[in-house]
């Protein structure tokens with residue numbers, strides 16, 4: 001018993017349900033950054049850890065369960081995180097299937113759920129899923145405390161920080177869990193040696209121009225976010241208690257840094273031990289703190305690495321001199337939240353930048369030799385057909401090298417979700433409905449349009465943009481004829497939508513036009529996370 005494995009961290013497989021046919025070849029297969037960080041945190045405290053990455057290994061829920069039953073860990077922890085914060089909710093259907101399968105294969109196996117969605121709705125998650133425990137907050141203190149409690153002669157979960165559990169037929173909770181504050185010492189990096197590194201691949205657009213999509217890795221250089229944004233669910237793991245409604249007191253600032261030296265040490269490991277060239281900086285907003293960004297860039301430049309990196313930025317955070325430094329370090333793509341093309345829509349959500357700024361920033365990035373991923377959202381509260389058309393026209397005029405077209409959603413953990421629930425606005429009946437690409441995708445209605453019209457426009461906009469002759473000419477000029485063929489293969493995949501075929505019956509409730517709907521401020525759109 002002394003040599004028994006302490007923790008198995010599970011990254012469930014959800015690609016087919018979340019992305020449909022797009023997940024086969026086009027979507028990235030990304031290392032589970034949070035599971036890797038959790039493994040490092042637990043190992044630093046003397047616990048033995050294994051990771052099952054079902055997504056990368058294409059394992060079914062039953063295959064994961066069989067592996068857990070064989071390993072017999074003290075605790076099996078299913079991690080509900082994805083490529084970005086909203087993906088935590090999108091993968092909850094796969095999370096639920098995995099929990100159920102583990103309980104069938106090993107009924108006595110203790111199972112913990114943790115992640116962004118779980119932190120947003122801990123009590124509901126515990127009631128709905130076949131798990132013994134759920135973790136509020138980041139889950140790091142909870143993991144270690146729960147294993148120690150389970151290994152004790154008389155297990156007492158009541159003192160485990162951040163834990164929700166059942167006792168006496170009732171849902172109980174332990175004390176609040178603090179944030180991990182000293183990242184360099186407590187969680188110095190991802191446990192790469194516990195991951196199937198040869199299986200990860202970059203997005204199709206990340207390697208336009210014929211570059212190999214493997215090897216690939218995603219890392220964090222910061223945790224949390226300095227903004228308290230009504231549209232964003234990123235704060236859910238970094239606080240305790242219910243999400244605040246717009247205008248109420250928000251969670252404390254959760255923004256923390258790894259030092260430049262520790263970030264560079266992670267990159268050194270990826271390059272020298274695993275041959276990784278394609279890297280995603282998964283921070284909610286990387287281009288923010290000049291000293292942090294420039295320090296990392298200078299370190300990469302000094303090493304002479306030939307990297308292909310992408311990261312998130314905002315229209316208003318790029319400072320003079322940063323773009324040339326980013327390009328020299330290998331940042332070939334920046335994702336920019338452009339959001340909307342109509343002044344009325346931007347004004348309604350308190351956007352602090354003008355359309356002229358959007359053009360200036362996008363052109364400056366491109367002039368530095370960096371490609372732009374433009375991110376646009378249809379279905380904001382003030383959107384109607386004319387304003388959504390204005391957004392698409394802006395996208396066609398800007399001709400960013402790649403574009404993401406999203407529908408506005410009320411993700412659990414965001415104040416907008418709390419507001420939509422309070423107002424009775426129709427929300428997805430299944431967690432997969434929060435995916436932008438799933439069959440049962442259900443966006444929010446606007447003050448003028450039902451959800452069906454928003455989704456219909458979004459899908460049509462995607463096709464129009466990627467079949468536009470001017471856009472394809474630009475792609476051929478920048479990346480070559482094979483990249484044009486890649487784009488055409490992508491647009492040849494049609495998403496099936498239950499909402500557009502009548503298979504998903506949702507009443508055409510419009511977002512109420514009162515003070516509650518003007519309050520959400522979707523700053524997260526600027527972070528390009530939808």
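The values are calculated or read from the model by the stated rules, or taken from the named source; none is laboratory data. In this text, all values refer to a predicted model and were calculated from it rather than measured experimentally. A quick note on method: Cβ atoms are made from the backbone with ideal geometry, for glycine too, and the neighbour counts reach across all protein chains shown.
Residue 346 is checked against (1) within 17 Å of residue 358 (Cβ to Cβ); (2) over 25 Å from the mean Cα position of the chain (by Cα); (3) free of Cβ contacts under 8 Å to residues at least 24 places away in the same chain and fails just one. What number does that condition carry?
Of (1) within 17 Å of residue 358 (Cβ to Cβ); (2) over 25 Å from the mean Cα position of the chain (by Cα); (3) free of Cβ contacts under 8 Å to residues at least 24 places away in the same chain, only one is false for residue 346: (2).
Could you tell me which of the residues 145, 210 is modelled with pLDDT of 95 or more and either in a loop (DSSP other than H, G, I, E, B) or surrounded by fewer than 22 Cβ atoms within 10 Å (Cβ to Cβ) (or both)? Steps first, please.
Working: 210 fails: modelled with pLDDT of 95 or more.
Result of the check over 145, 210: 145.
Let's see how each residue does on (1) under 18 Å from residue 211 (Cβ atoms); (2) without any contact (Cβ under 8 Å) to a residue 60 or more places away in the chain; (3) out of contact with any helix residue (DSSP H, G or I) (no Cβ under 6 Å at 6 or more places or on another chain):
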site	(1), (2), (3)
254	no, no, no
263	no, yes, no
272	no, yes, yes
283	no, no, yes
296	no, no, no
303	no, yes, yes
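Exactly one condition in (1) in contact with a helix residue (DSSP H, G or I) (Cβ under 7 Å, 6 or more places away or on another chain); (2) in contact (Cβ under 8 Å) with a residue 40 or more places away in the chain; (3) surrounded by 21 or more Cβ atoms within 10 Å (Cβ to Cβ) is not met by residue 111; state its number.
Every condition holds for residue 111 apart from (2).
Which ones in the range 19-41 are assigned to a helix (DSSP H, G or I) and either buried (at least 24 other Cβ atoms within 10 Å of the Cβ) or modelled with pLDDT of 85 or more (or both)? Break it down stepwise before answering.
Here is the first cut: in the range 19-41, the residues assigned to a helix (DSSP H, G or I) are 19, 22-25, 33-41.
Scanning the range 19-41 gives 33, 34, 35, 36, 37, 38, 39, 40, 41.
Go through the range 42-59 residue by residue and tally those that are in contact with a strand residue (DSSP E or B) (Cβ under 8 Å, 6 or more places away or on another chain), assigned to a loop (DSSP other than H, G, I, E, B) and at pLDDT below 95. Reasoning before the result, please.
First pass over the range 42-59, keeping only residues in contact with a strand residue (DSSP E or B) (Cβ under 8 Å, 6 or more places away or on another chain): 42-43, 47-56, 59.
Restricting the remaining residues to those that are assigned to a loop (DSSP other than H, G, I, E, B) gives 47-48, 59.
Now restrict to residues that are at pLDDT below 95: 59.
Total meeting the criteria: 1.
Working only within the range 160-180, note down all residues that are in a loop (DSSP other than H, G, I, E, B) and surrounded by 13 or more Cβ atoms within 10 Å (Cβ to Cβ).
Of everything in the range 160-180, those that are in a loop (DSSP other than H, G, I, E, B) and surrounded by 13 or more Cβ atoms within 10 Å (Cβ to Cβ) turn out to be 160, 161, 162, 174, 175, 176, 177, 178, 179, 180.
Every residue, every condition in (1) free of Cβ contacts under 8 Å to residues at least 40 places away in the same chain; (2) surrounded by fewer than 24 Cβ atoms within 10 Å (Cβ to Cβ); (3) assigned by TED's automatic domain parsing to the domain that holds residue 310; (4) more than 14 Å from residue 499 (Cβ to Cβ), yes or no:
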| residue | (1), (2), (3), (4) |
| --- | --- |
| 393 | no, yes, yes, yes |
| 428 | yes, yes, no, no |
| 434 | no, no, no, no |
| 438 | no, no, no, no |
| 450 | no, yes, yes, no |
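Any idea how many residues of the range 278-307 are more than 16 Å from residue 222 (Cβ to Cβ) and buried (at least 21 other Cβ atoms within 10 Å of the Cβ)?
2
In the range 405-439, what residues are more than 18 Å from residue 116 (Cβ to Cβ) and over 19 Å from the mean Cα position of the chain (by Cα)?
419, 422, 423, 424, 425, 426, 429, 439
So which of 76, 105 ends up being surrounded by fewer than 24 Cβ atoms within 10 Å (Cβ to Cβ) and in contact with a helix residue (DSSP H, G or I) (Cβ under 7 Å, 6 or more places away or on another chain)? Walk me through it before giving the result.
Working: 76 fails: surrounded by fewer than 24 Cβ atoms within 10 Å (Cβ to Cβ).
The match here is 105.
Is it the case that residue 403 is within 18 Å of residue 471 (Cβ to Cβ), modelled with pLDDT of 90 or more, part of a helix (DSSP H, G or I) and in contact with a helix residue (DSSP H, G or I) (Cβ under 9 Å, 6 or more places away or on another chain)? Can you show your working first?
Numbers: within 18 Å of residue 471 (Cβ to Cβ): yes; modelled with pLDDT of 90 or more: yes; part of a helix (DSSP H, G or I): no; in contact with a helix residue (DSSP H, G or I) (Cβ under 9 Å, 6 or more places away or on another chain): yes.
Here the answer is no, as residue 403 does not meet what is asked.
Take residue 119 and tell me if it is modelled with pLDDT under 95, under 22 Å from residue 161 (Cβ atoms) and not in a loop (DSSP other than H, G, I, E, B). Don't jump to the end; show me each part of the working.
Working: modelled with pLDDT under 95: yes; under 22 Å from residue 161 (Cβ atoms): yes; not in a loop (DSSP other than H, G, I, E, B): yes.
Taking the combined requirement at face value, the residue satisfies it.
If I go through the range 64-88 residue by residue, how many of them are in a helix (DSSP H, G or I) and modelled with pLDDT of 95 or more? Write out each step before concluding.
The initial filter retains those residues of the range 64-88 that are in a helix (DSSP H, G or I), namely 64-71, 87-88.
Within this subset, residues satisfying the condition of being modelled with pLDDT of 95 or more are 64-71.
Count: 8.
Any chance the range 177-184 includes a residue that's under 26 Å from residue 56 (Cβ atoms) and touching a helix residue (DSSP H, G or I) at 6+ places or on another chain (Cβ under 9 Å)? Talk me through it step by step, then tell me what you get.
Looking only at the range 177-184, we keep the residues that are under 26 Å from residue 56 (Cβ atoms), and these are 180, 183.
From what's left, touching a helix residue (DSSP H, G or I) at 6+ places or on another chain (Cβ under 9 Å): 180, 183.
So far as the range 177-184 goes, yes, one or more of its residues are under 26 Å from residue 56 (Cβ atoms) and touching a helix residue (DSSP H, G or I) at 6+ places or on another chain (Cβ under 9 Å).
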